[in-house]
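The values are calculated or read from the model by the stated rules, or taken from the named source; none is laboratory data. Note that the structure is predicted; figures quoted are calculated from it, not measured. No Cβ is skipped: glycine too gets one built from the backbone with ideal geometry, and neighbour counts run over all protein chains shown. Note: accessible area is taken over every heavy atom of the protein model, side chains too, but ligands, DNA and RNA are not part of it. Shrake-Rupley method; radii C 1.70, N 1.55, O 1.52, S 1.80 Å.
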Amino acid sequence: MRPVLLLDPRPEWPQQFRDAAAQLRTAFADTPIHVEHMGSTAVPNLCAKPILDILLGAPDFLSITSRIPQLGALGYRYKPEHERELPERRYFSRPATDTPAVHLHAVVHDSPFWRRHLAFRDALRSDPELARQYAELKRRLATLHADDRAAYTNAKGPFIAQVLATLDASRLPT
């Protein structure tokens, strides 16, 4: 298993997201999509693994799966085995090259998955104290689960759930 590596915030992450988003928009040129930067690299001043998490919202799953060849040409590998755990998402990864690795989470736009992930990102962006608490938790968990990324990710779950529970119910799915 790959170790958990957290980096201090990098000023290049927003531009690297914009570059990746532009490529994705080209691959979906004839389909209305929405592309959002999510995850810790999307939150200013937050430590993160060197992985860009991108949320792509499309009208339906067929719009996504029909683009697997175009995404492959951009270096993304489709990982359908992850659908057993999260059937509401189509997952792709692109390995690190001269830019960070990318995890592409392709979902139906405005679905519960879409809204939950953006609500959490926006909560961290709008509340520096909350972002500080999350960074502290991430650092502690990265030490505790240094060689187990799945355990690291799962251990963040209660914090994320607590944040989402405190948000305005109208912003989140039931």
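Odds and ends about this structure:
- Residues that are without any contact (Cβ under 8 Å) to a residue 40 or more places away in the chain and more than 20 Å from G157 (Cα to Cα) are absent from segment 99-119.
Rundown of residues vs (1) closer than 20 Å to D30 by Cα; (2) touching a His at 6+ places or on another chain (Cβ under 7 Å); (3) open to solvent by 20 Å² or more (accessible area, probe 1.4 Å); (4) modelled with pLDDT under 95, yes/no style:
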| position | (1), (2), (3), (4) |
| --- | --- |
| L55 | yes, yes, no, no |
| L62 | yes, no, yes, no |
| T65 | yes, no, yes, no |
| Q70 | yes, no, yes, no |
| K79 | no, no, yes, no |
| R89 | no, yes, yes, no |
| V107 | yes, no, no, no |
| D127 | no, no, yes, no |
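- Selected residue (criterion: modelled with the highest pLDDT) from residues of segment 153-171 that are open to solvent by 60 Å² or more (accessible area, probe 1.4 Å) and of a type in the set (D, E, K, R): D168
- Counting the residues of segment 57-77 that are under 19 Å from S111 (Cβ atoms), among the hydroxyl-bearing types (S, T, Y) and not in a helix (DSSP H, G or I) gives 1.
- Residue list for segment 91-149, restricted to those being part of a strand (DSSP E or B) and among the aliphatic types (A, V, I, L, M): A101, V102, L104, A106, V107, V108
- Checked against (1) under 21 Å from Y152 (Cα atoms); (2) of a type in the set (G, A, S); (3) buried (at least 19 other Cβ atoms within 10 Å of the Cβ), S93 passes all but condition (3).
- Subset of segment 1-42 that is of a type in the set (A, V, I, L, M, F, W, C) and part of a loop (DSSP other than H, G, I, E, B) - its residue that is least open to solvent (accessible area, probe 1.4 Å): F28
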